[in-house]
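Scroll down for the structure; my scribbles are underneath it.
The values are calculated or read from the model by the stated rules, or taken from the named source; none is laboratory data. Note that this is a predicted model, so its numbers are computed, not measured. For neighbour counting, all protein chains shown are included, and Cβ atoms are generated from backbone atoms with ideal geometry for every residue, glycine included. What goes into the accessible areas is simple: the full protein's heavy atoms, side chains included, and nothing from ligands, DNA or RNA. Shrake-Rupley method; radii C 1.70, N 1.55, O 1.52, S 1.80 Å.
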Amino acid sequence: ERAVDYLMDKGVAIEASPNTKISDDVYAILCGQFAGDKGNKEASKGISEEIKKEKEALRVEREKEIEDKRRQEEERQQQQELIKAKAVVTGPKQVGKIDLEPKIAPAAPA
């Protein structure tokens, strides 16, 4: 729409359709006017690519951190399982005897 308005100001009448064919001289006029916009678009594209690369790098770093934490958690659980496996339960130890039927001591003569 801006291009059609600009060409109208220059005295060139074209149809306002994006599929309209234009001649080389009309194309040259448009390039002369809108070359700055093209440069800005390319610069913006370059910046957006840099931002995408930075985001990708941060995502990869975050995934690596998550993977490291998961691996450490697995190792810690394996160590706990090994400790549990080493615990051997033995039978009760006999320390002494308790006589449930004590012998009656003879009465002392009085």
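Taken over the range 16-30, the criterion of being surrounded by 10 or more Cβ atoms within 10 Å (Cβ to Cβ), of a type outside the set (G, A, S) and part of a loop (DSSP other than H, G, I, E, B) is satisfied by T20, I22. Say whether the condition of being in a loop (DSSP other than H, G, I, E, B) and either charged (D, E, K, R) or open to solvent by 100 Å² or more (accessible area, probe 1.4 Å) (or both) is met by at least one residue in the range 31-45. No, there is no match, as no residue in the range 31-45 is in a loop (DSSP other than H, G, I, E, B) and either charged (D, E, K, R) or open to solvent by 100 Å² or more (accessible area, probe 1.4 Å) (or both). Restricting K97, K86 to residues that are modelled with pLDDT of 80 or more and loosely packed, with under 10 Cβ neighbours inside 10 Å narrows the list to K97. Confirm whether I104 is surrounded by 10 or more Cβ atoms within 10 Å (Cβ to Cβ) and of a type in the set (V, I, T). Answer is no for this residue.
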